[in-house]
Amino acid sequence: MRTTALIACASAVAALSAPAAAQEESSPRRTRVGLGPQLVPSFPGSDKVSLRPFVDVSRAKGDTPFEFEAPDESFGFAIVKGGGFAF
């Protein structure tokens, strides 16, 4: 559990630090940080759950809305985006 918390904190710090090129842009960047508890099953379909920290860090430029992310969504990137869908 400590490893998970350390990884979450390190991810939050990395996401909050902006590179020099991003600081020079005209449109401001917004950062949203969400913290809270999360119940996680031991494995898919398990009746046993454990309490773990939930950390969500999102960034957006200017007036662009934050992207939707499900609580159990992992890191990744879309290969194809268009028409409201991403694969």
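Quick note: the coordinates plus some simple rules give every number you see, no bench work behind them. Predicted, not measured: the structure shown is a model, and the values here were computed from it. Quick reminder, even Gly has a Cβ in these numbers, built from the backbone with ideal geometry, and neighbours come from all protein chains shown.
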For the range 35-87, the spread of Cα positions along each principal axis, largest first, Å: 40, 24, 14
Most to least packed among 52-58, 77-83 [average Cβ atoms within 10 Å]: 52-58, 77-83
